[in-house]
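None of the figures in this text is laboratory data; all of them are computed from the coordinates on show. Note that this is a predicted model, so its numbers are computed, not measured. Note that we place each Cβ from the backbone using ideal geometry, even for glycine, and neighbour counts take in every protein chain shown.
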Amino acid sequence: MRFPPLPRLPSISLHTFLLSTICIQLIYLVAVLANPATVYENLTRRWLVQRVANAAEVDIESFQNMVVLGKTKEFDDIDQLKKQNSYNQAVYKDAKSGDLALAFSSKMVIYRPKTESIIYQGETPTQKMEQDQKLAVSKYAEVIKAQGIIPKESVEVPQVSVISNVDQYKNNTLYAGASNGDLVMVFSDSGIVVIYNTKENRVIKAARNQLVPLETNSH
């Protein structure tokens, strides 16, 4: 059986190909030049980021994002932002409307264009909070070790969640005596679940992953 011949594709000369390429490049240049405001804005932004990166001694390639404080939706009220929590207060305490907040992979920088000065550089509020949480969990783990619930030589970092609605666990004996705000600490390697009261700094209850209650020395 013979198949019909395939249709021939139109041939394109080298001259036509080069001419098409040049036309595409010209169209691109015209589109860019037709909006000089965008070009200027991008150049200004790049210059600012480079200036801040040099002053903060970070690699400009690690730049992630930049917002204008007081003029961006999430940062429109600086005073309210500072009052949200102690971490925001520590980071934004000297910030003013119009300052720039730049995020780099290694640190956050708050820059004041009017005085060309850095107001703050260091951890973000979230990073500060996470660091404090790690230290707190480490402290709670030492209390749990002291009661013999997990081995003293364990360096396991537990998975932690906060009880926000204890009533939904009313039929679960593991949560008897727990309150909203208490922590559920899961030590997967040790196979242990601990309900921990951070206000009183004590273990409420502990159980194996199969929710078999353990005897503890909690007071």
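Things worth noting here:
- Of the strands (runs of 3 or more DSSP E) lying entirely inside segment 58-143, those carrying at least 1 residues that are charged (D, E, K, R) are 108-112.
- Pair list, Cβ < 7 Å and 6+ apart or interchain, from segment 175-194 residues that are within 13 Å of Ile144 (Cα to Cα) to residues that are among the basic types (Lys, Arg): Ile192/Arg208
- Taking first residues from segment 61-75 that are farther than 15 Å from Phe104 by Cα and partners that are of a type in the set (Asp, Glu), the Cβ contacts under 7 Å between residues at least 6 apart in sequence or on separate chains come to Leu69/Asp99; Gly70/Asp76.
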